[in-house]
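Colleague: Structure provided below as structure tokens; questions to follow.
The values are calculated or read from the model by the stated rules, or taken from the named source; none is laboratory data. Computed from a prediction, not measured in an experiment: that's the story for all the values here. Cβ sites come from the backbone with ideal geometry, for glycine too, and all protein chains shown count toward neighbours.
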Amino acid sequence: MVTILRGKDRGKKGKIMAVSPSRGVILVEGAQMVKKHVKSKKAGQKAQLVSVASPIPVAKVQLVCPSCGKSTRVGKSKEGRTCKKCQASL
């Protein structure tokens, strides 16, 4: 789960659907939705508008801690990644 920090969807929380480390972007479920025109595939079908999630830069989102439920920075410890607010392991 992540919280969006910038843009029109600021403050929304959502699950990560896909990650592209080489481009530095992620897809978040239900956020940064754009309308896309889709042509008809067959002769009898109609063309339509479809809502599709567009990528968000990784720098504009923040992880949500599962134990305290707040968006937080990530720290390192001997156990692995930890929440900076409640010190719980992520």
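Listed here are the residues, each with its yes/no results for (1) of a type outside the set (Asp, Glu); (2) without any contact (Cβ under 8 Å) to a residue 24 or more places away in the chain; (3) under 26 Å from residue 70 (Cβ atoms).
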{"position": "7", "(1), (2), (3)": "yes, no, yes"}
{"position": "11", "(1), (2), (3)": "yes, yes, yes"}
{"position": "16", "(1), (2), (3)": "yes, yes, yes"}
{"position": "31", "(1), (2), (3)": "yes, no, yes"}
{"position": "38", "(1), (2), (3)": "yes, yes, no"}
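Colleague: Identify, please: which residue in the stretch 58-86 is among the polar types (S, T, N, Q) and over 10 Å from residue 2 (Cα atoms) and is, among those, surrounded by the most Cβ atoms within 10 Å (Cβ to Cβ)?
Modeller: Filtering the stretch 58-86 for residues that are among the polar types (S, T, N, Q) and over 10 Å from residue 2 (Cα atoms), the one surrounded by the most Cβ atoms within 10 Å (Cβ to Cβ) comes out as 82.
Colleague: Which of (1) at positive phi; (2) at pLDDT below 95 is the odd one out, the single condition residue 24 does not satisfy?
Modeller: With (1) at positive phi; (2) at pLDDT below 95 applied to residue 24, the lone miss is (2).
Colleague: Considering only residues that are at negative phi, surrounded by 12 or more Cβ atoms within 10 Å (Cβ to Cβ) and assigned to a loop (DSSP other than H, G, I, E, B), which ones fall in the stretch 2-14?
Modeller: Within the stretch 2-14, 5, 9, 12 qualify.
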